[in-house]
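Engineer: First, the structure itself, so that you have it in front of you.
The values are calculated or read from the model by the stated rules, or taken from the named source; none is laboratory data. Remember, it's a predicted structure, so these values are computed and weren't measured experimentally. Because the Cβ atoms are built from the backbone with ideal geometry, glycine has one as well, and the counts that use them run over all protein chains shown. Note: areas computed on protein heavy atoms with side chains; ligands, DNA, RNA excluded. Shrake-Rupley method; radii C 1.70, N 1.55, O 1.52, S 1.80 Å.
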Amino acid sequence: QVQLVESGGGFVQPGGSLRLSCVASGLPPDSYYIGWFRQAPGKEREAVSIIQHNDGMSYYSDNVKGRFTVSRDIPGNTMYLQMNNLKPEDTDVYYCAVASIRMGYVDDFGLDSLRERIDYWGKGILVTVSS
């Protein structure tokens, strides 16, 4: 059974930085995607950044590209999201997620399509960006 535990959220002023961590256990042995989604109250959960496990290819939503960086420490089973130049609109609950699907799925169908294919979610962690 996959378990995902997020940490590192909190309060930061606009322009500041935070790093989220997700410790994963029980990951599938074959092809999967692991990454971050976020959700504000009353809105759909949206993809932020994803890593394709087999080759480490990373994907970003347009509204975080250039500001956020996703990475993995595979021996430590930990994934990170470095968030720089944070904006008030980045205020959300951030979720670690895993989708057990074939490599190439995001290339074929786009990052947003992954939401419907997530098999495992973390409990989420709040990030608040405010002055």
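Engineer: Heavy atoms only, probe 1.4 angstrom, no DNA, RNA or ligands counted: give me Thr69, Thr91 ranked by accessible area, highest first.
Structural biologist: Details: Thr69 75, Thr91 50 Å².
Greatest to least solvent exposure: Thr69, Thr91.
Engineer: First compute the accessible area of region 24-104 with a 1.4 Å probe, then give the percent of it belonging to carbon and sulfur atoms. Don't skip to the answer; put the middle values down first.
Structural biologist: Values: 1830 of 3620 Å².
Carbon-and-sulfur percentage of accessible area, whole number: 50.
Engineer: May I pose another question? For the pair Lys43/Met57, report the inter-label distance in nm, with labels modelled 7 Å from Cα in the Cβ direction.
Structural biologist: Going from the Lys43 label point to the Met57 one covers 2.7 nm.
Engineer: For the chain, what is the calculated [θ] at 222 nm in deg cm²/dmol (nearest 500), taking -39500 (n - 2.57) for each run of four or more DSSP H residues and dividing by its residue count? Write out the running numbers ahead of the final one.
Structural biologist: On the way: 1 runs with 5 residues, N = 131.
Only helices count here, giving -500 deg cm²/dmol.
Engineer: Based only on Cα atoms, what Rg/Rh ratio does the chain have, Rh being taken as Kirkwood's radius?
Structural biologist: Values: Rg = 13.8 Å, Rh = 14.6 Å.
The Rg/Rh ratio comes out at 0.94.
Engineer: Here's a follow-up. At 1.4 Å probe size, put Arg115, Arg19 in order of accessible surface, largest to smallest.
Structural biologist: On the way: Arg115 65, Arg19 125 Å².
Output order, biggest surface exposure first: Arg19, Arg115.
Engineer: Express in Å², to the nearest 10, the accessible area of Glu116 obtained by rolling a 1.4 Å probe over the protein heavy atoms while all chains stay in place.
Structural biologist: 130
Engineer: Using a 1.4 angstrom probe, figure out how much accessible area the chain has per residue, in square angstrom, rounded to the nearest whole. List each step's numbers first, then the result.
Structural biologist: Details: 6590 Å² over 131 residues.
Spelled out: the 1.4 Å probe surface of the chain, per residue, equals 50 Å².
Engineer: Contour minus end-to-end for Lys65 and Phe11, with contour as 0.36 nm per residue of separation and end-to-end as the Cα-Cα distance? Please report the intermediate quantities before stating the final value.
Structural biologist: Working: separation 54, 0.36 × 54 = 19.44 nm, distance 2.12 nm.
Full-extension gain reported as 17.3 nm.
Engineer: A further question on this structure: Stretched out fully, how many nm does the piece from Asp30 to Thr91 gain, at 0.36 nm a residue minus the Cα gap? Intermediate results must be reported in sequence, preceding the final value.
Structural biologist: Working: separation 61, 0.36 × 61 = 21.96 nm, distance 3.34 nm.
So the extension gain works out to 18.6 nm.
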